[in-house]
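We did not get these values from a lab; they are worked out from the coordinates using the rules stated. Computed from a predicted model, the values in this text were never measured in an experiment. Here the Cβ positions follow ideal geometry from the backbone for every residue, glycine too, while neighbour counts run over all protein chains shown.
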Amino acid sequence: MDILRTKKEIRAWRSAATGRVALVPTMGSFHEGHLSLMRTARALADHVVVSLFVNPIQFGPTEDLSRYPRDLEHDEALASDLGVDVLFVPTVEEMYPQPQETYAYWPSLGSVLCGRTRPDHFRGVGTVVIKLFNLTSPHVVPFGRKDGQQVLLIERLVRELDLDIEIVACPTVRDVDGLAMSSRNGYLSPADRVQAVGIYAGLSAAKVLIENGERRSAAIRNEMSTLMGKYPGLGVEYCDVVSRDSLKPVDALDHRSMLAVAARVGTTRLIDNLWVVGTEGDLRVEL
Ligand code: PAF
């Protein structure tokens, strides 16, 4: 596996690469969720590039940029074992040699759900993702469904800016207790972890309700809130049934809906999203 650190190096590698290229954008601290995206990338392309960059412009001033977990040696070993071809690990100075004035953002879709409490988050994500796309010219890019709003915004960006890139929304990988894999899970104490699992409890209860035929969003939201309310350490920020097109709450569930939750446990903010799929007569909820 090549480890490349500069834009010049990655561009030179890309112009020499033939065949299909997959990019897996990450902020490192790899867990099974990242590894499953890398496996998907491996299956879909001839070359796999993984970018590892803790992107400062997607963190708010009071957020966890400085304590965000970093473990390059561990990440290098995992990526190399998985058959990744290139690990792109630029510095902040390499990615942002001058204060950024140009951004990609979504004025309305980026200001709902997570955008309500993280106002500049998605413009930071959109901007770095466009830069990574331009540096690596990928054919295909997998993202996790757990970060539902992120992947939907990027699908929209690709469509509306005419980028010839396939975005693949991949299933969430969960730990044995059901908690969606996230680099931020490492912040949780054992006691926090017990509370965090309340998110999964809420979503699982909603899934059962839906699979038993419930379609009214109010009833589904109620069930999620009731379950999560049993976990006193869980500070729910939002818990909603939204459309994957408008990201707005819907009255009744359909095959384009998403159950969206963000909650805090102590100082750790966690999100989880379940996608409703299938056909009108046979709706399923992906855990
Ligand atoms: O999902 C992430 O890890 C980040 O938001 C991403 C897409 C790598 C952009 O920094």
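Quick notes
- Convex hull volume per residue for the chain, taking Cα atoms only, in Å³: 131 Å³
- Between GLU280 and ALA205, the modelled labels are 3.1 nm apart [label points 7 Å from Cα along Cα→Cβ].
- Vicinal HN-Hα couplings computed from phi for segment 237-253 (Karplus, 6.51 cos²θ - 1.76 cosθ + 1.60; Hz; Gly/Pro x): 8, 8, 8, 8, 10, 10, 7, 6, 8, 9, 6, 8, x, 10, 7, 10, 6
- Euclidean distance between Cα centres, segment 57-122 to segment 185-252, Å: 26 Å
- Sum of side-chain charges, CYS170 neighbourhood, beta-carbon under 10 Å (Lys, Arg +1; Asp, Glu -1): +3
- The ASP162 and ASP254 beta-carbon pair, evaluated with R₀ = 30 Å, returns a calculated FRET efficiency of approximately 0.60.
- Diffusion coefficient, µm² s⁻¹, Stokes-Einstein with Kirkwood Rh over alpha-carbon pairs of segment 1-142 at 37 °C and 0.692 mPa s: 208 µm²/s
- When the charge dipole of the chain is built from unit charges on Cβ atoms (+1 for Lys and Arg, -1 for Asp and Glu) and taken about the Cα centre, the candidate among VAL241, GLY178, ALA104 whose Cα reaches farthest toward its positive end is VAL241.
- At R0 = 25 Å, FRET efficiency that the Cβ-Cβ distance of GLU63 and SER246 yields, to 0.05: 0.40
- Each listed q (0.25 Å⁻¹) maps to a log10 I(q)/I(0) for segment 42-95 from the Debye sum over equal C-alpha point scatterers, namely -1.03.
- Each Lys or Arg adds one and each Asp or Glu subtracts one; over the other residues with Cβ under 15 Å from the Cβ of ARG184, this totals -1.
- For the residue pairs LYS131/LYS207; LYS146/LYS230; LYS7/LYS248, the alpha carbons lie more than 32 Å apart in LYS131/LYS207; LYS7/LYS248.
- Set the Cα radius of gyration of segment 1-76 against 2.2 N^0.38 Å, with N its number of residues, and you get 1.23.
- Residues of segment 118-156 with amide N under 19 Å of the 7 Å Cα→Cβ point at ALA12: 135-137
- Gain on full extension, evaluated as 0.36 nm per residue between THR117 and HIS74 minus their Cα-Cα distance, stands at 12.3 nm.
- Inter-probe distance in nm under a simple model that places probes 7 Å from Cα toward Cβ, at ARG20 and GLU237: 3.5 nm
- For segment 138-287: rounded, prolate or oblate by the Cα gyration tensor [a/c cutoff 1.5]: oblate
- Diagonalising the gyration tensor over the Cα atoms of segment 93-134 and scaling each eigenvalue by 5 before taking the square root yields semi-axes of 21, 11, 8 Å, largest first.
- Charged side chains reduced to their Cβ positions (Lys and Arg at +1, Asp and Glu at -1) give the chain a dipole of some 400 debye around its Cα centre.
- Within the chain, longest stretch free of exposed trypsin sites (Lys or Arg not before Pro) [DSSP loop, at most 11 other beta carbons within 10 Å]: 68-229
- Using the Cβ-Cβ distance between ASP2 and VAL176 with R0 = 30 Å, the FRET efficiency computed as 1/(1 + (r/R0)^6) comes to roughly 0.30.
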